Amino acid sequence: MCYYTQQNASIEDLKRRFNAELDNEETYLQSDFINGFSHPNIPVILNSSPHLITTDYTWGLLPSWAKDIEFRKNTLNARIETIDEKASFNNITHNRCLIIASAYYEWHWNDEKGKSKDKYQINSQDDEIFTFAGLYSTWTDPVTDEIRNTYTMVTTKANKLMDFVHNHKHRMPIMLKKQDETAWLDQSVKIQEFAYPYEGNLVAFQT
């Protein structure tokens, strides 16, 4: 699973990297450590507007039928192997997005219960700024009628490196290769094509 990331690129760096504009500089999130459980608005790019970097989507997907906002703590991640079976995701697999990052974090367990852990920072060996595969949705609060835009990060089976780092769950987020970002946004491309053994070029450092 993946719940902690880094997004420390400047606005100008993102504009150049994606050849895109930013919708709102005031809500732009730039941080060395981002906690998914705080439901941050990490910048994303939607397949509906690929030339726009938006800051109006928060981490933790709320399907249209969710009864309340607390549901989002269960949907920070979506397992690619079962994405077509889960009610939270199976009707939005065409809503694809790129979640922008410069690193992410996982913990290696040194004992069976995780009482002793080592923190690792994982980066792309190819790009200082990279993206994760994501899905997005829009939810209307049934009590207040407030509209919330949300997303989830898609995960897959761990590769050899992440099998060592994330030795408790043996999972990893789908870090997209730069040349495959357009393919992920293309809803005609099957999602399962991005399941492991598909993998980005990773490097991990103990911090």
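Mind counting the residues in region 82-92 that are open to solvent by 10 Å² or more (accessible area, probe 1.4 Å) and in contact with a Phe, Trp or Tyr (Cβ under 9 Å, 6 or more places away or on another chain)?
Residues that pass the stated criteria total 4.
Which members of region 50-68 meet the condition of being part of a strand (DSSP E or B) and not aliphatic (A, V, I, L, M)? Even if it seems obvious, please write down each step before you answer.
Of all residues in region 50-68, those part of a strand (DSSP E or B) come to 52-54, 58-59.
Those that are part of a strand (DSSP E or B) and not aliphatic (A, V, I, L, M): Thr54, Thr58, Trp59.
Hey, can you tell me all the residues within region 168-192 that are open to solvent by 50 Å² or more (accessible area, probe 1.4 Å) and either assigned to a loop (DSSP other than H, G, I, E, B) or β-branched (Val, Ile, Thr) (or both)?
His168, Lys169, His170, Lys177, Thr182, Asp186, Gln187, Ser188, Lys190
Residues in region 114-129: is at least one modelled with pLDDT of 95 or more, more than 30 Å from Glu12 (Cβ to Cβ) and not in a strand (DSSP E or B)?
Scanning region 114-129, I find at least one residue that is modelled with pLDDT of 95 or more, more than 30 Å from Glu12 (Cβ to Cβ) and not in a strand (DSSP E or B), so the answer is yes.
With respect to Leu135, is the statement that it is modelled with pLDDT of 95 or more, surrounded by 14 or more Cβ atoms within 10 Å (Cβ to Cβ) and more than 11 Å from Cys97 (Cα to Cα) true?
In short, no.
Picking from Glu128, Glu106, Glu112, which residue would you name as being open to solvent by 30 Å² or more (accessible area, probe 1.4 Å) and over 27 Å from Leu22 (Cα atoms)? Spell out how you get there, then give the answer.
Working: Glu128 fails: over 27 Å from Leu22 (Cα atoms); Glu106 fails: open to solvent by 30 Å² or more (accessible area, probe 1.4 Å).
Within the list Glu128, Glu106, Glu112, the selection yields Glu112.
Taking region 159-181, which residues are closer than 20 Å to Asp127 by Cβ and without any contact (Cβ under 8 Å) to a residue 40 or more places away in the chain? Break it down stepwise before answering.
First pass over region 159-181, keeping only residues closer than 20 Å to Asp127 by Cβ: 159, 161-162, 165, 172-181.
The answer is Gln179, Asp180.
Among the residues of region 102-129, which ones are under 11 Å from Leu202 (Cα atoms) and among the aliphatic types (A, V, I, L, M)?
Result: Ala103, Ile122.
Considering (1) open to solvent by 10 Å² or more (accessible area, probe 1.4 Å); (2) within 30 Å of Lys15 (Cβ to Cβ); (3) in a strand (DSSP E or B), say which one Arg72 fails and leave the rest.
Just one mismatch for Arg72, condition (3).
Got a sec? Which of Ile83, Ile34, Ile53 is of a type in the set (A, V, I, L, M), without any contact (Cβ under 8 Å) to a residue 40 or more places away in the chain and closer than 25 Å to Tyr198 by Cβ?
Ile34
Exactly one condition in (1) basic (Lys, Arg); (2) in contact with a strand residue (DSSP E or B) (Cβ under 8 Å, 6 or more places away or on another chain); (3) surrounded by fewer than 16 Cβ atoms within 10 Å (Cβ to Cβ) is false for Lys160; which is it?
Tallying (1) basic (Lys, Arg); (2) in contact with a strand residue (DSSP E or B) (Cβ under 8 Å, 6 or more places away or on another chain); (3) surrounded by fewer than 16 Cβ atoms within 10 Å (Cβ to Cβ), Lys160 fails exactly one: (2).
For region 10-40, give me each residue that is within 17 Å of the chain's Cα centre (by Cα) and surrounded by fewer than 19 Cβ atoms within 10 Å (Cβ to Cβ).
Once the filter is applied, which keeps residues that are within 17 Å of the chain's Cα centre (by Cα) and surrounded by fewer than 19 Cβ atoms within 10 Å (Cβ to Cβ), region 10-40 yields Tyr28, Leu29, Gln30, Ser31, Asp32, Phe33, Asn35, Phe37, Ser38, His39, Pro40.
Determine the pairs where a residue that is without any contact (Cβ under 8 Å) to a residue 60 or more places away in the chain and under 16 Å from Arg171 (Cβ atoms), located within region 187-207, has a partner that is open to solvent by 70 Å² or more (accessible area, probe 1.4 Å) and basic (Lys, Arg) with Cβ atoms under 8 Å apart, the partner being 6 or more residues away or on another chain.
So the pair list comes out as Tyr196/Lys157.
Can you tell me which residue among Tyr198, Tyr151 is of a type outside the set (Val, Ile, Thr), within 27 Å of Thr58 (Cβ to Cβ) and in a strand (DSSP E or B)?
Details: Tyr198 fails: in a strand (DSSP E or B).
Just a single option satisfies the conditions, and that option is Tyr151.
From Val165, Val203, Val143, grab the single residue that is at pLDDT 95 or above and surrounded by fewer than 16 Cβ atoms within 10 Å (Cβ to Cβ).
Criteria check complete, one pass: Val203.
The values are calculated or read from the model by the stated rules, or taken from the named source; none is laboratory data. This is a predicted model, so every value here is computed, not measured. Neighbour counts are summed over all protein chains in view; Cβ atoms, including those assigned to glycine, are modelled from backbone coordinates with ideal geometry. Accessible surface areas use protein heavy atoms only, side chains included; no ligands, DNA or RNA. Shrake-Rupley method; radii C 1.70, N 1.55, O 1.52, S 1.80 Å.
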